[in-house]
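The values are calculated or read from the model by the stated rules, or taken from the named source; none is laboratory data. Predicted model, so just to flag it, every value in this text is computed and none were measured. Positions of Cβ are generated from backbone atoms using ideal geometry, with glycine treated the same way; all protein chains shown enter the neighbour counts. Heads up: the accessible areas ignore ligands, DNA and RNA and are worked out on the full protein's heavy atoms, side chains in. Shrake-Rupley method; radii C 1.70, N 1.55, O 1.52, S 1.80 Å.
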Amino acid sequence: MTENKGESDAAAGTGGAAGATPVGPRPEPIRFFGTTWVDHDKGYGLRRAGVGIGALVAAVAACFVLRFAYEGLQLANTGAFVNVLVVVMFAICSAMAFRKTWEGFSTRPADPEADRSLQGLKTIGFIGSLLAYAARTFTEAPGESLHRKEYEAARTRYARRKSTPSPRKRPKRK
């Protein structure tokens, strides 16, 4: 969250007068949704439907690409072991990518470095990530609950800070 320091308490969180910059914490934009997730306005429902359908179409297209790759392995006569190994690898990586992507919508990673080390696994299991993204759009924008929780906490901290008068520094006595 970014916080904008301003003088007007009346404009806190509401955007203030037309043309004025908003005062207080600003919501973090979500990919494909911007900040429409805050008030569910400006075509939020249509965006959710479009993103969900787009993720499903991308997952189906990816399955076709993997099918062609598998057929290429069969044509190359690599053997049954390699064919089974490739299928199992993509299935396991897709399942793990689905789980990690789904968890990422509700919590921030405890160890960002470990999350970065799983980036290769998520890349191999990209179909699982696409399916998790599509499934999440049925209930909310992916990551909306996490962003909303953080945004509400920032607004509460800002309101508490604005309602409590800051102690004035008194000049030192000589």
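Between E103 and K42, take the C-beta separation as r, use R0 = 30 Å, and let me know the FRET efficiency to the nearest 0.05.
About 0.55, to the nearest 0.05.
For A76 and T139, FRET efficiency with R0 = 41 Å and r from the beta-carbon atoms, rounded to 0.05?
0.45
Ordered by packing density, taken as the mean number of other Cβ atoms within 10 Å over each peptide's residues, highest first, how do 55-62, 114-121 rank?
Ranking the peptides 55-62, 114-121 by packing returns 55-62, 114-121.
For segment 38-50, in order, what is each residue's ³J(HN,Hα) by Karplus, 6.51 cos²θ - 1.76 cosθ + 1.60 with θ = phi - 60°, in whole Hz (x at glycine and Pro)?
5, 10, 6, 10, 6, x, 4, x, 5, 5, 4, 5, x
Output ³J(HN,Hα) for segment 98-115: one whole-Hz value per residue in order, computed from phi by the Karplus curve 6.51 cos²θ - 1.76 cosθ + 1.60 with θ = phi - 60°, and x for Gly and Pro.
Once rounded to whole Hz, the list reads 4, 4, 5, 5, 4, 5, x, 7, 10, 9, 7, x, 5, 10, x, 5, 5, 5.
So with the 1.4 Å probe, I'd like the accessible area per residue for segment 30-101, rounded to whole Å².
In whole numbers, segment 30-101 has 65 Å² accessible per residue.
Accessible area of segment 74-174 with a 1.4 Å probe: how many percent of it is carbon plus sulfur?
63 percent
Multiply the residue gap between L118 and S163 by 0.36 nm, knock off their C-alpha separation, and tell me the result in nm, one decimal place.
Computed gain between L118 and S163 is 11.8 nm.
In sequence order, what are the phi-derived ³J(HN,Hα) couplings for segment 124-133 according to the Karplus relation 6.51 cos²θ - 1.76 cosθ + 1.60 with θ = phi - 60°, rounded to whole Hz, with x for glycine and proline?
Using θ = phi - 60°, the values come out as 5, x, 4, 5, x, 5, 5, 5, 5, 4 Hz.
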